1. Looking at Thr319, Thr258 in this structure, which one is in contact with a helix residue (DSSP H, G or I) (Cβ under 6 Å, 6 or more places away or on another chain), of a type in the set (Ser, Thr, Tyr) and open to solvent by 30 Å² or more (accessible area, probe 1.4 Å)?
2. If you scan segment 269-292, which residues turn out to be open to solvent by less than 20 Å² (accessible area, probe 1.4 Å) and either under 26 Å from Lys106 (Cβ atoms) or among the hydrophobic types (A, V, I, L, M, F, W, C) (or both)?
3. Any residue in segment 75-86 that is part of a helix (DSSP H, G or I) sitting within a Cβ distance under 7 Å of a residue that is of a type in the set (Phe, Trp, Tyr)? List the pairs, counting only those 6 or more apart or interchain.
4. From Leu144, Leu156, Leu172, which residue is without any contact (Cβ under 8 Å) to a residue 12 or more places away in the chain and surrounded by fewer than 19 Cβ atoms within 10 Å (Cβ to Cβ)?
5. Return the residues of segment 225-248 that are farther than 14 Å from Ile177 by Cβ and surrounded by fewer than 22 Cβ atoms within 10 Å (Cβ to Cβ); say none if nothing qualifies.
6. How about segment 106-141: which of its residues are surrounded by fewer than 13 Cβ atoms within 10 Å (Cβ to Cβ) and small (Gly, Ala, Ser)?
7. Out of Leu69, Leu36, I need the residue that is modelled with pLDDT of 90 or more, assigned to a helix (DSSP H, G or I) and over 25 Å from the mean Cα position of the chain (by Cα). Which one?
8. With segment 226-332 as the region, which helices (runs of 4 or more DSSP H) entirely inside it contain at least 3 residues that are touching a residue at least 12 places away in the same chain (Cβ under 8 Å)?
Amino acid sequence: MKGEAGRRRHDEKPKQEGHIWGSMRRTAFILGSGLLLLVAFWNSLTWHLQRFWGASGHFWQAQWERLLLTFEGKEWVLFVTGATYLPVLSFWTFNGLLLVVDTTGKPNFISRYRIQAGKNDPVDPVKLRQSVRTVLLNQLLISLPIVVLLYPTLKLWRDPCRRELPTFHWFLLELAIFTLIEEIMFYYSHRLLHHPMFYKKIHKKHHEWTAPIGVISLYAHPVEHVVSNMLPAMVGPIVMGSHLSSIMVWFSLTLIVTTISHCGYHLPFLPSPEFHDYHHLKFNQCYGVLGVLDHLHGTDTVFKQTKAYERHILLLGFTPLSESIPDPPKME
(Lines give C-alpha, C1' and ligand atoms only; values in the text may rest on other atoms or scores of the structure.)
Protein backbone atom coordinates (compact mmCIF):
# COMPACT_ATOMS: atom_id res chain seq x y z
CA MET A 1 0.00 0.00 0.00
CA LYS A 2 2.79 2.35 0.90
CA GLY A 3 4.50 1.64 -2.40
CA GLU A 4 1.33 2.45 -4.39
CA ALA A 5 0.76 5.69 -2.46
CA GLY A 6 4.35 6.69 -3.11
CA ARG A 7 3.98 5.99 -6.82
CA ARG A 8 0.76 8.08 -6.96
CA ARG A 9 2.50 11.00 -5.29
CA HIS A 10 5.44 10.55 -7.66
CA ASP A 11 3.06 10.55 -10.67
CA GLU A 12 1.07 13.57 -9.39
CA LYS A 13 4.20 15.72 -8.96
CA PRO A 14 5.09 15.83 -12.69
CA LYS A 15 1.43 16.52 -13.50
CA GLN A 16 1.38 19.48 -11.06
CA GLU A 17 4.65 20.80 -12.48
CA GLY A 18 3.26 20.41 -15.98
CA HIS A 19 0.12 22.27 -14.95
CA ILE A 20 2.16 25.11 -13.43
CA TRP A 21 4.41 25.40 -16.49
CA GLY A 22 1.38 25.26 -18.76
CA SER A 23 -0.27 28.10 -16.82
CA MET A 24 2.93 30.13 -16.95
CA ARG A 25 3.22 29.58 -20.72
CA ARG A 26 -0.41 30.64 -21.26
CA THR A 27 0.09 33.71 -19.06
CA ALA A 28 3.28 34.61 -20.95
CA PHE A 29 1.49 34.10 -24.26
CA ILE A 30 -1.45 36.32 -23.24
CA LEU A 31 0.78 39.06 -21.80
CA GLY A 32 3.17 38.89 -24.75
CA SER A 33 0.31 39.03 -27.26
CA GLY A 34 -1.25 41.96 -25.40
CA LEU A 35 2.07 43.80 -25.35
CA LEU A 36 2.62 43.21 -29.07
CA LEU A 37 -0.91 44.42 -29.85
CA LEU A 38 -0.37 47.51 -27.68
CA VAL A 39 2.94 48.30 -29.42
CA ALA A 40 1.39 47.69 -32.85
CA PHE A 41 -1.60 49.89 -32.00
CA TRP A 42 0.63 52.65 -30.60
CA ASN A 43 2.92 52.56 -33.63
CA SER A 44 -0.07 52.65 -35.96
CA LEU A 45 -1.66 55.53 -34.06
CA THR A 46 1.53 57.59 -33.95
CA TRP A 47 2.18 56.80 -37.65
CA HIS A 48 -1.25 58.11 -38.67
CA LEU A 49 -0.90 61.17 -36.43
CA GLN A 50 2.61 61.76 -37.73
CA ARG A 51 1.29 61.60 -41.31
CA PHE A 52 -1.39 64.14 -40.44
CA TRP A 53 1.21 66.29 -38.67
CA GLY A 54 3.56 65.98 -41.62
CA ALA A 55 0.87 66.68 -44.21
CA SER A 56 -0.20 69.83 -42.43
CA GLY A 57 3.31 70.65 -41.24
CA HIS A 58 4.25 72.68 -44.30
CA PHE A 59 1.07 74.72 -43.93
CA TRP A 60 1.68 75.48 -40.23
CA GLN A 61 5.37 76.14 -40.81
CA ALA A 62 4.47 78.67 -43.49
CA GLN A 63 1.94 80.37 -41.17
CA TRP A 64 4.48 80.46 -38.36
CA GLU A 65 7.14 82.03 -40.60
CA ARG A 66 4.61 84.62 -41.69
CA LEU A 67 3.95 85.48 -38.02
CA LEU A 68 7.68 85.78 -37.38
CA LEU A 69 7.98 88.26 -40.24
CA THR A 70 5.03 90.26 -38.91
CA PHE A 71 6.49 90.43 -35.39
CA GLU A 72 10.13 90.73 -36.45
CA GLY A 73 12.04 92.55 -33.72
CA LYS A 74 9.04 92.19 -31.36
CA GLU A 75 9.08 88.43 -30.77
CA TRP A 76 8.31 88.97 -27.08
CA VAL A 77 4.92 90.44 -28.10
CA LEU A 78 4.24 87.34 -30.22
CA PHE A 79 5.23 85.09 -27.31
CA VAL A 80 3.09 86.84 -24.69
CA THR A 81 0.10 87.03 -27.06
CA GLY A 82 0.36 83.36 -28.03
CA ALA A 83 1.02 82.03 -24.51
CA THR A 84 -1.97 83.92 -23.07
CA TYR A 85 -4.58 84.41 -25.82
CA LEU A 86 -5.31 80.79 -26.82
CA PRO A 87 -5.21 79.37 -23.25
CA VAL A 88 -7.43 82.17 -21.87
CA LEU A 89 -9.83 81.82 -24.80
CA SER A 90 -10.05 78.05 -24.20
CA PHE A 91 -10.62 78.60 -20.47
CA TRP A 92 -13.44 81.14 -20.81
CA THR A 93 -15.15 79.43 -23.75
CA PHE A 94 -15.39 76.15 -21.84
CA ASN A 95 -16.32 77.84 -18.57
CA GLY A 96 -18.87 80.08 -20.30
CA LEU A 97 -20.76 76.97 -21.43
CA LEU A 98 -20.55 75.44 -17.95
CA LEU A 99 -21.71 78.67 -16.29
CA VAL A 100 -24.92 78.57 -18.33
CA VAL A 101 -25.71 75.21 -16.74
CA ASP A 102 -24.54 76.33 -13.28
CA THR A 103 -26.73 79.44 -13.26
CA THR A 104 -29.86 78.11 -15.02
CA GLY A 105 -29.79 74.34 -14.42
CA LYS A 106 -30.36 73.91 -18.14
CA PRO A 107 -30.05 71.97 -20.32
CA ASN A 108 -31.17 69.04 -18.17
CA PHE A 109 -28.99 66.74 -20.27
CA ILE A 110 -25.95 68.30 -18.60
CA SER A 111 -27.30 69.02 -15.11
CA ARG A 112 -28.28 65.37 -14.57
CA TYR A 113 -24.56 64.52 -14.46
CA ARG A 114 -24.03 66.68 -11.35
CA ILE A 115 -21.74 64.90 -8.86
CA GLN A 116 -22.96 66.47 -5.60
CA ALA A 117 -26.72 66.36 -6.00
CA GLY A 118 -28.56 69.43 -4.72
CA LYS A 119 -25.42 71.60 -4.56
CA ASN A 120 -25.05 74.70 -6.79
CA ASP A 121 -28.55 74.11 -8.14
CA PRO A 122 -28.44 76.95 -9.11
CA VAL A 123 -25.15 78.49 -8.04
CA ASP A 124 -25.17 81.41 -5.58
CA PRO A 125 -24.89 84.53 -7.84
CA VAL A 126 -23.13 86.67 -5.21
CA LYS A 127 -20.54 84.01 -4.49
CA LEU A 128 -20.09 83.43 -8.23
CA ARG A 129 -19.50 87.14 -9.02
CA GLN A 130 -16.88 87.35 -6.27
CA SER A 131 -15.12 84.25 -7.63
CA VAL A 132 -15.13 85.44 -11.25
CA ARG A 133 -13.65 88.78 -10.12
CA THR A 134 -10.84 86.98 -8.31
CA VAL A 135 -10.14 84.73 -11.31
CA LEU A 136 -9.93 87.73 -13.66
CA LEU A 137 -7.57 89.56 -11.28
CA ASN A 138 -5.37 86.45 -10.98
CA GLN A 139 -5.16 86.17 -14.75
CA LEU A 140 -4.52 89.87 -15.37
CA LEU A 141 -2.31 90.86 -12.43
CA ILE A 142 -0.43 87.59 -11.82
CA SER A 143 -0.54 85.24 -14.82
CA LEU A 144 0.17 87.91 -17.43
CA PRO A 145 3.29 89.41 -15.73
CA ILE A 146 4.64 85.90 -15.06
CA VAL A 147 4.23 84.95 -18.73
CA VAL A 148 6.05 88.18 -19.67
CA LEU A 149 8.94 87.10 -17.41
CA LEU A 150 8.82 83.59 -18.86
CA TYR A 151 10.03 84.84 -22.26
CA PRO A 152 13.52 86.06 -21.19
CA THR A 153 13.82 83.01 -18.91
CA LEU A 154 13.25 80.66 -21.84
CA LYS A 155 15.61 82.66 -24.08
CA LEU A 156 18.47 81.93 -21.68
CA TRP A 157 18.05 78.25 -22.62
CA ARG A 158 16.57 78.31 -26.11
CA ASP A 159 14.56 80.80 -28.18
CA PRO A 160 10.83 79.89 -27.84
CA CYS A 161 10.13 81.76 -31.09
CA ARG A 162 12.73 79.91 -33.18
CA ARG A 163 11.91 79.30 -36.83
CA GLU A 164 11.56 75.49 -36.77
CA LEU A 165 8.34 74.07 -35.31
CA PRO A 166 8.78 70.95 -33.10
CA THR A 167 8.22 67.48 -34.60
CA PHE A 168 5.23 65.43 -33.53
CA HIS A 169 7.28 62.88 -31.56
CA TRP A 170 9.22 65.60 -29.77
CA PHE A 171 5.94 67.25 -28.76
CA LEU A 172 4.67 63.91 -27.37
CA LEU A 173 7.86 63.59 -25.31
CA GLU A 174 7.45 67.15 -24.03
CA LEU A 175 3.84 66.45 -23.09
CA ALA A 176 4.86 63.39 -21.06
CA ILE A 177 7.58 65.33 -19.21
CA PHE A 178 5.31 68.34 -18.62
CA THR A 179 2.68 66.05 -17.10
CA LEU A 180 5.18 64.29 -14.83
CA ILE A 181 6.66 67.57 -13.56
CA GLU A 182 3.23 69.06 -12.98
CA GLU A 183 2.05 65.99 -11.04
CA ILE A 184 5.07 66.12 -8.71
CA MET A 185 5.03 69.89 -8.17
CA PHE A 186 1.27 70.22 -7.79
CA TYR A 187 0.97 67.32 -5.33
CA TYR A 188 3.65 68.55 -2.94
CA SER A 189 2.81 72.26 -3.20
CA HIS A 190 -0.90 71.49 -2.75
CA ARG A 191 -0.25 69.24 0.22
CA LEU A 192 2.00 71.91 1.76
CA LEU A 193 -0.82 74.43 1.43
CA HIS A 194 -2.99 72.12 3.55
CA HIS A 195 -0.51 72.44 6.43
CA PRO A 196 -2.15 74.44 9.27
CA MET A 197 0.57 77.10 8.88
CA PHE A 198 -0.64 77.94 5.35
CA TYR A 199 -4.19 76.63 5.09
CA LYS A 200 -6.10 79.29 7.00
CA LYS A 201 -4.29 82.28 5.47
CA ILE A 202 -3.88 81.01 1.90
CA HIS A 203 -5.56 77.79 0.75
CA LYS A 204 -8.85 78.15 2.64
CA LYS A 205 -9.99 80.67 0.01
CA HIS A 206 -10.05 77.98 -2.69
CA HIS A 207 -11.88 75.59 -0.36
CA GLU A 208 -14.76 77.97 0.20
CA TRP A 209 -16.31 75.89 -2.59
CA THR A 210 -16.95 72.43 -1.11
CA ALA A 211 -18.92 71.65 -4.26
CA PRO A 212 -16.70 73.16 -6.98
CA ILE A 213 -17.63 74.59 -10.37
CA GLY A 214 -15.33 74.97 -13.37
CA VAL A 215 -14.47 78.65 -13.09
CA ILE A 216 -13.19 78.33 -9.50
CA SER A 217 -10.26 76.23 -10.71
CA LEU A 218 -8.33 79.56 -10.68
CA TYR A 219 -10.13 81.02 -7.67
CA ALA A 220 -7.23 81.19 -5.25
CA HIS A 221 -5.08 83.40 -3.04
CA PRO A 222 -2.33 85.12 -5.09
CA VAL A 223 0.40 83.07 -3.39
CA GLU A 224 -1.41 79.82 -4.19
CA HIS A 225 -1.99 80.95 -7.77
CA VAL A 226 1.76 81.37 -8.27
CA VAL A 227 3.01 78.36 -6.30
CA SER A 228 0.37 75.76 -7.11
CA ASN A 229 -1.27 76.92 -10.35
CA MET A 230 1.44 78.68 -12.39
CA LEU A 231 4.79 77.11 -11.44
CA PRO A 232 3.83 73.41 -11.91
CA ALA A 233 2.67 74.21 -15.45
CA MET A 234 5.65 76.45 -16.34
CA VAL A 235 8.65 74.49 -15.07
CA GLY A 236 8.25 71.77 -17.74
CA PRO A 237 8.55 74.16 -20.69
CA ILE A 238 11.54 75.87 -19.01
CA VAL A 239 13.32 72.53 -18.48
CA MET A 240 12.64 71.43 -22.07
CA GLY A 241 13.38 74.80 -23.69
CA SER A 242 10.03 74.51 -25.43
CA HIS A 243 8.75 76.23 -28.55
CA LEU A 244 5.87 78.69 -28.25
CA SER A 245 3.59 76.28 -30.15
CA SER A 246 4.14 73.55 -27.52
CA ILE A 247 3.61 76.06 -24.71
CA MET A 248 0.33 77.30 -26.20
CA VAL A 249 -1.08 73.78 -26.48
CA TRP A 250 0.18 72.75 -23.02
CA PHE A 251 -1.21 75.82 -21.22
CA SER A 252 -4.57 75.33 -22.98
CA LEU A 253 -4.67 71.64 -21.99
CA THR A 254 -3.84 72.36 -18.35
CA LEU A 255 -6.61 74.95 -18.10
CA ILE A 256 -9.15 72.65 -19.73
CA VAL A 257 -8.16 69.68 -17.52
CA THR A 258 -8.30 71.72 -14.30
CA THR A 259 -11.70 73.08 -15.37
CA ILE A 260 -12.97 69.52 -15.90
CA SER A 261 -11.57 68.51 -12.48
CA HIS A 262 -13.54 71.33 -10.81
CA CYS A 263 -16.65 71.42 -13.01
CA GLY A 264 -18.91 69.36 -10.70
CA TYR A 265 -20.31 67.25 -13.56
CA HIS A 266 -19.17 63.74 -14.50
CA LEU A 267 -19.83 64.13 -18.22
CA PRO A 268 -19.67 61.38 -20.86
CA PHE A 269 -16.37 60.89 -22.74
CA LEU A 270 -14.47 63.41 -20.57
CA PRO A 271 -11.90 62.63 -17.85
CA SER A 272 -13.48 61.81 -14.48
CA PRO A 273 -13.62 64.75 -12.02
CA GLU A 274 -14.61 62.49 -9.09
CA PHE A 275 -11.08 62.49 -7.65
CA HIS A 276 -10.68 66.25 -7.18
CA ASP A 277 -14.37 66.77 -6.43
CA TYR A 278 -13.92 64.42 -3.46
CA HIS A 279 -10.93 66.50 -2.35
CA HIS A 280 -13.15 69.60 -2.16
CA LEU A 281 -15.76 67.62 -0.24
CA LYS A 282 -13.39 66.08 2.35
CA PHE A 283 -10.24 68.31 2.21
CA ASN A 284 -7.72 65.67 3.40
CA GLN A 285 -7.75 63.21 0.49
CA CYS A 286 -6.75 63.24 -3.21
CA TYR A 287 -4.15 66.03 -3.41
CA GLY A 288 -2.70 65.25 -6.87
CA VAL A 289 -3.84 65.45 -10.48
CA LEU A 290 -3.33 61.90 -11.74
CA GLY A 291 -3.48 60.21 -8.35
CA VAL A 292 -0.12 58.44 -8.68
CA LEU A 293 1.50 60.21 -5.71
CA ASP A 294 -1.69 59.91 -3.68
CA HIS A 295 -1.46 56.14 -4.15
CA LEU A 296 2.22 56.09 -3.15
CA HIS A 297 1.66 58.28 -0.07
CA GLY A 298 -1.63 56.69 0.96
CA THR A 299 -3.59 59.93 0.67
CA ASP A 300 -6.41 58.25 -1.24
CA THR A 301 -7.19 55.33 1.11
CA VAL A 302 -10.51 56.77 2.34
CA PHE A 303 -11.47 57.78 -1.20
CA LYS A 304 -10.94 54.18 -2.36
CA GLN A 305 -13.63 53.00 0.06
CA THR A 306 -16.32 55.28 -1.38
CA LYS A 307 -18.83 55.18 -4.21
CA ALA A 308 -16.99 58.16 -5.68
CA TYR A 309 -14.01 55.86 -6.25
CA GLU A 310 -16.22 53.31 -8.03
CA ARG A 311 -17.47 56.14 -10.26
CA HIS A 312 -13.95 57.42 -10.95
CA ILE A 313 -13.92 56.03 -14.49
CA LEU A 314 -14.34 57.32 -18.02
CA LEU A 315 -18.09 57.41 -18.69
CA LEU A 316 -18.60 55.79 -22.10
CA GLY A 317 -22.41 55.87 -22.10
CA PHE A 318 -25.14 58.41 -21.39
CA THR A 319 -26.50 57.01 -18.11
CA PRO A 320 -25.20 59.12 -15.21
CA LEU A 321 -22.92 57.14 -12.91
CA SER A 322 -24.94 58.39 -9.93
CA GLU A 323 -27.75 56.21 -11.36
CA SER A 324 -25.74 53.17 -12.49
CA ILE A 325 -23.63 53.23 -9.28
CA PRO A 326 -26.04 54.77 -6.74
CA ASP A 327 -25.20 55.75 -3.18
CA PRO A 328 -26.23 53.19 -0.54
CA PRO A 329 -29.61 53.93 1.07
CA LYS A 330 -29.40 56.18 4.12
CA MET A 331 -30.00 54.57 7.49
CA GLU A 332 -33.03 56.08 9.27
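1. Selected residue: Thr258, the only one of Thr319, Thr258 that is in contact with a helix residue (DSSP H, G or I) (Cβ under 6 Å, 6 or more places away or on another chain), of a type in the set (Ser, Thr, Tyr) and open to solvent by 30 Å² or more (accessible area, probe 1.4 Å).
2. Hits for segment 269-292 are Pro273, Glu274, Phe275, His276, Asp277, His280, Cys286.
3. Matching pairs, first to second residue: Trp76/Tyr151; Val77/Phe71; Leu78/Phe71; Phe79/Tyr151; Val80/Tyr151; Ala83/Phe251.
4. Residue meeting the stated conditions: Leu156.
5. Across segment 225-248, the qualifying residues are Val226, Val227, Met230, Leu231, Ser245, Met248.
6. Ala117, Gly118
7. Criteria check complete, one pass: Leu69.
8. In segment 226-332, the matching helices (runs of 4 or more DSSP H) lie at 231-240, 244-262, 274-282, 292-297, 307-310.
The values are calculated or read from the model by the stated rules, or taken from the named source; none is laboratory data. Remember, it's a predicted structure, so these values are computed and weren't measured experimentally. As a convention, Cβ positions derive from the backbone with ideal geometry for all residues, glycine included, and neighbour counts pool all protein chains shown. Just the protein is used for accessible areas: all its heavy atoms, side chains included, with ligands, DNA and RNA removed. Shrake-Rupley method; radii C 1.70, N 1.55, O 1.52, S 1.80 Å.
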